[in-house]
Amino acid sequence: QAPDGHDGRTKAGKELRAVAEASGRILVSASQWGAVSVMVSALRSDPTARELIDSPGMPEREMYWQENGLPARAKLDKSLSDGTILELKTAESCEARDFQRAVFSTYRYDIAAAWYCRARRAVDAHVERFVFVVVENHPPHAVACCRLDEAAIIHADDEIDRLLPRIAEARKTGQ
């Protein structure tokens, strides 16, 4: 946690940030720390979210593979031992229709989910399910666990298949 009045633009502030980063830490303000702490408490208070988060698996899992001749990578929030991919999200709202809008329109989380599923399948294992654990970023910090169904992943996978040749061509031509 950054001390009160910390200014990352000053020489001292830059030095403090460099020390933190060298030890694998990120400086956050007291208000940011407080907000994150409250959201973590909300996640820990939800039995389903807590069970998923505490399940055996690899957090912050980086995966590298080749996709149609292109180098590919993904960083999964958590790859569970049972084949589940867990993705943690903050949101304005955990209501189903609001989060669906974020998944399929605003942020296209469905594309990311399909990509993460490809990563896991390419590197080492099957994918049993993809679950978003969502916590609202404002009080009362409601929590929801939303499983992305196979049809949505297949649809997003088709979109990725359409995009990959364009990406390969852009890399080849430097555009």
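A few notes on this one:
- If you check E51, E21 for being without any contact (Cβ under 8 Å) to a residue 24 or more places away in the chain and closer than 30 Å to R118 by Cβ, only one passes: E51.
- Residue pairs whose Cβ atoms lie under 6 Å apart, sitting 6 or more positions apart in sequence or on different chains, and linking a residue in the stretch 149-164 that is in contact (Cβ under 8 Å) with a residue 40 or more places away in the chain and more than 13 Å from R118 (Cα to Cα) to a partner that is in a helix (DSSP H, G or I) and open to solvent by less than 40 Å² (accessible area, probe 1.4 Å), are A152/D110.
- Residues that are over 18 Å from R118 (Cβ atoms) and without any contact (Cβ under 8 Å) to a residue 24 or more places away in the chain within the stretch 54-73 comprise D54, P59, E60, listed in sequence order.
- In the stretch 104-139, the residues that are part of a helix (DSSP H, G or I) and aromatic (F, W, Y): F104, Y109, W115, Y116
- Enumeration of residues in the stretch 2-37 that are modelled with pLDDT under 80 and on the phi > 0 side of the Ramachandran plot: G5
- Residues within the stretch 79-92 that are buried (at least 16 other Cβ atoms within 10 Å of the Cβ) and either hydrophobic (A, V, I, L, M, F, W, C) or within 18 Å of H141 (Cα to Cα) (or both), tallied: 7
- Condition broken by C146, with the remaining ones in (1) within 20 Å of M63 (Cα to Cα); (2) open to solvent by less than 70 Å² (accessible area, probe 1.4 Å) satisfied: (1)
- The set of residues in the stretch 75-102 being among the β-branched types (V, I, T) and out of contact with any strand residue (DSSP E or B) (no Cβ under 7 Å at 6 or more places or on another chain) is empty.
The values are calculated or read from the model by the stated rules, or taken from the named source; none is laboratory data. Values in this document were obtained by computation on a predicted structure and should not be read as measured data. When we count neighbours, we look across all protein chains shown, and the Cβ atoms used for this are built from the backbone with ideal geometry, even at glycine. Surface accessibility is based on the protein's heavy atoms, side chains included, excluding ligands, DNA and RNA. Shrake-Rupley method; radii C 1.70, N 1.55, O 1.52, S 1.80 Å.
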